1. Answer with yes or no whether Arg151 is among the charged types (D, E, K, R), touching a residue at least 60 places away in the same chain (Cβ under 8 Å), open to solvent by 20 Å² or more (accessible area, probe 1.4 Å) and farther than 19 Å from Ser180 by Cα.
2. Mind counting the residues in the range 295-308 that are within 14 Å of Ala58 (Cα to Cα), open to solvent by less than 40 Å² (accessible area, probe 1.4 Å) and at pLDDT below 95?
3. Within the range 333-357, can you find the residues that are open to solvent by less than 30 Å² (accessible area, probe 1.4 Å), of a type outside the set (Val, Ile, Thr) and part of a loop (DSSP other than H, G, I, E, B)?
4. Tell me which of these Gln390 doesn't satisfy, since it passes every other one: (1) in contact with a Phe, Trp or Tyr (Cβ under 8 Å, 6 or more places away or on another chain); (2) assigned to a helix (DSSP H, G or I).
5. What pairs come up if the first residue lies in the range 238-252 and is under 24 Å from Ile194 (Cα atoms), the second is aromatic (Phe, Trp, Tyr) and open to solvent by less than 40 Å² (accessible area, probe 1.4 Å), and their beta carbons are under 7 Å apart, counting only those six or more places apart or on different chains?
6. Output yes when any residue across the range 262-282 is open to solvent by 20 Å² or more (accessible area, probe 1.4 Å), without any contact (Cβ under 8 Å) to a residue 40 or more places away in the chain and over 23 Å from Glu192 (Cβ atoms), and no when none is.
7. Could you check how many residues of the range 189-247 are modelled with pLDDT of 95 or more, aliphatic (A, V, I, L, M) and open to solvent by 10 Å² or more (accessible area, probe 1.4 Å)?
8. For the list (1) within 20 Å of Ile207 (Cα to Cα); (2) in contact with a helix residue (DSSP H, G or I) (Cβ under 9 Å, 6 or more places away or on another chain), I need the number of the one condition that Ile252 fails.
Amino acid sequence: MTRHRPAVLAAACFALLALGKPSAAGSQEARGDVSVVNYADPASWVCRPGSCRDDLSASSVRADGSIGLELFRPAANPPIDCFYVYPTVSHGLGLSAELPPTRDERRAVTQQVERFTSLCRLFVPFYRQVTVTSMMQGSSPSAEAAERAGRMAVADVEAAWAHYLAHDNHGRGVVLIGHSQGAGLLIGLIKERIDGTPDQARLVSAILPGAGVLVPTGRETGGTFKAIPPCRSKSQVSCVISFNMVRADRPIPADAIRRSEGMTQVCTNPAALKGGAGFLKPYLSTTGETIIPDISAPQPPWTVSDVKPSTPFVTLPGIYSAVCGGEGAYVAVSVHKQPDDKRTGALTGDWLQDDAPEPTMGLHLIDLNLAAGNLVEILRSQTAAFLKDQQPAARK
């Protein structure tokens, strides 16, 4: 198996946050030699409302081994929008991804966010991300090339957001969703364009797993974001959900956890926003496909009798619990099998390096899959609260 360097991914995400203030429109003039993708062209979007419709039906595998069918139907007229910036998935040959979008980007949409279309219109811009290829062993771009690649990704996401606001938003509430590199880009965008500004009023929530959000120890704001706190209840809006999934029996080593003096990493467990432990409501690929299949292990059998569900997704109620750990650095996932449970509880999703799980990446490849059902429930409650808050304003 090709060796990948997860440290490069982490460095890319954090570098994206340190590129300086975004330009007003991501223009070539404001970014020197960096032009932007033309988002007036529909081909520059991976998804726009109604354009990405995959079979998201799921087999619900119960403890007794029986299977129920869950069908999926997108909302006909959703009241809010979702703006999604996908993680590092592109296998383009260069340091930066190039148009047109490929199966890599569409796979990320299907695995991570398309289920949210039961609640929102989905907007997914293509952007010239730093690629999976650049993480391969032997890939050593110069500092100048890496910095320029980061500026290209930032400029594209800025331009896509500006286009969405100008042509599609029309005052609607919006959920910002990003993972890994995508979360890093959205953190930068939120800091400069939304946090503490009038535009924060349209933010239903920000879902940003696979990166890092900091708060001063003992406080809820004032770190990464000055006015956007962690979500601590399902009805709270204009807040952030941030987490990193790991196996409870394989936590991130203590000496590998990123720390910043006086700061605590935000951990909002989707299974228990108020704190403590809760059960995850996952939607996992039946075949074990992840956002980057070539660094994933094959999926073990779901049941002891190796029942093979016929749907694209599997959900397993009441078997995976989750609790924050590592000083907020991760959500630890445990398997809780009932007596005579016919399910194996086996997961794929570890980031493999040299055919072994990389110790600092945990279940990064299925961060969103593991909490998909929880996040849909949270977003449903947040949407109701957001719309209720908007009604008095609309009557004025």
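The values are calculated or read from the model by the stated rules, or taken from the named source; none is laboratory data. From a predicted model like this one, the values you see are computed outputs, not experimental measurements. Backbone-built Cβ (ideal geometry, glycine too); neighbour counts: all protein chains shown. For the accessible areas, the whole protein counts, side chains as well, though only heavy atoms, and no ligand, DNA or RNA atoms are used. Shrake-Rupley method; radii C 1.70, N 1.55, O 1.52, S 1.80 Å.
1. So Arg151 does not fit the description; no.
2. The total comes to 0.
3. If the condition is that a residue be open to solvent by less than 30 Å² (accessible area, probe 1.4 Å), of a type outside the set (Val, Ile, Thr) and part of a loop (DSSP other than H, G, I, E, B), then Asp341, Gly345, Ala346, Leu347, Gly349, Asp350, Trp351 are the ones that fit.
4. All conditions pass for Gln390, except number (1).
5. Val240/Phe225; Asn244/Tyr330
6. Taking the range 262-282 as the starting set, the residues that turn out to be open to solvent by 20 Å² or more (accessible area, probe 1.4 Å) are 262-265, 271, 274-277, 279, 281.
From what's left, without any contact (Cβ under 8 Å) to a residue 40 or more places away in the chain: none.
No: zero hits.
7. Residues meeting the conditions: 5.
8. Ile252 satisfies all of (1) within 20 Å of Ile207 (Cα to Cα); (2) in contact with a helix residue (DSSP H, G or I) (Cβ under 9 Å, 6 or more places away or on another chain) except (1).
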